[in-house]
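What follows is a set of notes on a single structure, which appears directly below.
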Amino acid sequence: MATQNVLERQFPGKRLQLKRDILQAALSCFNEQGLESTTIEQIRHRCDASVGNIYHHFGNKEGLIAALFFCALDDQADLRQQYLDKAMTVADGVSALVYSYLDWVTAEPEWARYQFQARSAVATGPKSEQLVQRNRLRNRQLRERLLEATGSSVLLRVPPDLLVALIIGQSENYARAWLSGRVEGTPNYYREQLARAAWASLEAC
């Protein structure tokens, strides 16, 4: 099960099996029934855990929603770093960001679908400040990493708040279309074209 692979990467070891089971059940319920309609009892029934176990690990439904969302972000970040480690130039770095995002969405569509569904709930929920801080840290680290490469003069013209949107925005738009069934080609099939488009967006600033 592909969704379980993400959980095994982010929560490895036998000691965390119950936590993985609860998160797996929650992900399935949220994707099938939506965030609002899903209840803790439905999640408990699917994973055969106790309500006490769920509340012990995650506090409440909002905590589960956020935990899954941050799990997806962390898994994306791990893959992104693997790609960035191989980048030698800014253009390589931009391609690494696009490739890693599209490859992750293609490999983990259920997680990506959940991510789009849950983003607003997390951004307006009790973990909103944590999300803001994580995004700021990610954006700063990406900018610093890309500035380390040669040819960084392109980045100096790009407003920091726009950097990630310019690089990933078009890829994210296509990923949404694919996940909703509006287009058939997998996101990673078009990764070279989308990487070139991202670079052109930066050069146009």
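Within region 106-115, the set of residues being touching a residue at least 60 places away in the same chain (Cβ under 8 Å) and either touching a Cys at 6+ places or on another chain (Cβ under 6 Å) or closer than 17 Å to Leu23 by Cα (or both) comprises Glu108, Pro109, Glu110, Trp111, Ala112, Arg113, Tyr114. The residues of region 115-165 that are closer than 24 Å to Gly93 by Cβ and among the charged types (D, E, K, R), listed by number, are Arg134, Arg136, Arg138, Arg140, Arg143, Glu144, Arg145, Glu148, Arg157, Asp161. Cβ separations smaller than 8 Å between residues 6+ apart or across chains give the following pairs from region 21-47 residues that are without any contact (Cβ under 8 Å) to a residue 12 or more places away in the chain and closer than 18 Å to Arg113 by Cβ to residues that are in a helix (DSSP H, G or I) and of a type outside the set (Asp, Glu): Gln33/Gln42. Say whether the condition of being touching a Pro at 6+ places or on another chain (Cβ under 7 Å), of a type in the set (Phe, Trp, Tyr) and open to solvent by less than 60 Å² (accessible area, probe 1.4 Å) is met by at least one residue in region 108-121. No; the residues of region 108-121 include none that is touching a Pro at 6+ places or on another chain (Cβ under 7 Å), of a type in the set (Phe, Trp, Tyr) and open to solvent by less than 60 Å² (accessible area, probe 1.4 Å). Out of curiosity, is Ala195 over 30 Å from Glu62 (Cα atoms), in a helix (DSSP H, G or I) and under 17 Å from the mean Cα position of the chain (by Cα)? No, not satisfied.
Among the residues here, Leu16 qualifies as out of contact with any helix residue (DSSP H, G or I) (no Cβ under 6 Å at 6 or more places or on another chain) and hydrophobic (A, V, I, L, M, F, W, C). Checking each residue of region 122-129 against the condition of being open to solvent by 40 Å² or more (accessible area, probe 1.4 Å), out of contact with any Lys or Arg (no Cβ under 6 Å at 6 or more places or on another chain), within 20 Å of Pro160 (Cβ to Cβ) and assigned to a helix (DSSP H, G or I) gives at least one match. Somewhere in region 107-121, is a residue among the hydroxyl-bearing types (Ser, Thr, Tyr), under 28 Å from Ile65 (Cα atoms), in a loop (DSSP other than H, G, I, E, B) and within 19 Å of the chain's Cα centre (by Cα)? There is no residue in region 107-121 that is among the hydroxyl-bearing types (Ser, Thr, Tyr), under 28 Å from Ile65 (Cα atoms), in a loop (DSSP other than H, G, I, E, B) and within 19 Å of the chain's Cα centre (by Cα).
Restricting to region 20-38, and then to whatever is open to solvent by 50 Å² or more (accessible area, probe 1.4 Å) and assigned to a helix (DSSP H, G or I), can you tell me which residue is nearest to Leu179 (Cα to Cα)? Ranking the qualifying residues of region 20-38, first place goes to Glu32.
Of all residues in region 138-155, count the ones that are at pLDDT 75 or above and either among the β-branched types (Val, Ile, Thr) or not in a helix (DSSP H, G or I) (or both). Total meeting the criteria: 1.
Residues checked against (1) surrounded by 16 or more Cβ atoms within 10 Å (Cβ to Cβ); (2) within 21 Å of the chain's Cα centre (by Cα); (3) among the basic types (Lys, Arg); (4) farther than 30 Å from Val164 by Cα:
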position	(1), (2), (3), (4)
Ile40	yes, no, no, yes
Ile43	yes, no, no, yes
Gly52	no, no, no, yes
Lys86	no, yes, yes, no
Val90	yes, no, no, no
Asp103	yes, yes, no, no
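Within the span defined as region 171-181, every residue fails to be more than 14 Å from the chain's Cα centre (by Cα) and within 20 Å of Ala87 (Cβ to Cβ).
The values are calculated or read from the model by the stated rules, or taken from the named source; none is laboratory data. Please read these numbers as outputs of a predicted model, since none were measured by experiment. No Cβ is skipped: glycine too gets one built from the backbone with ideal geometry, and neighbour counts run over all protein chains shown. Protein only, heavy atoms only, side chains kept; ligands, DNA and RNA dropped before computing areas. Shrake-Rupley method; radii C 1.70, N 1.55, O 1.52, S 1.80 Å.
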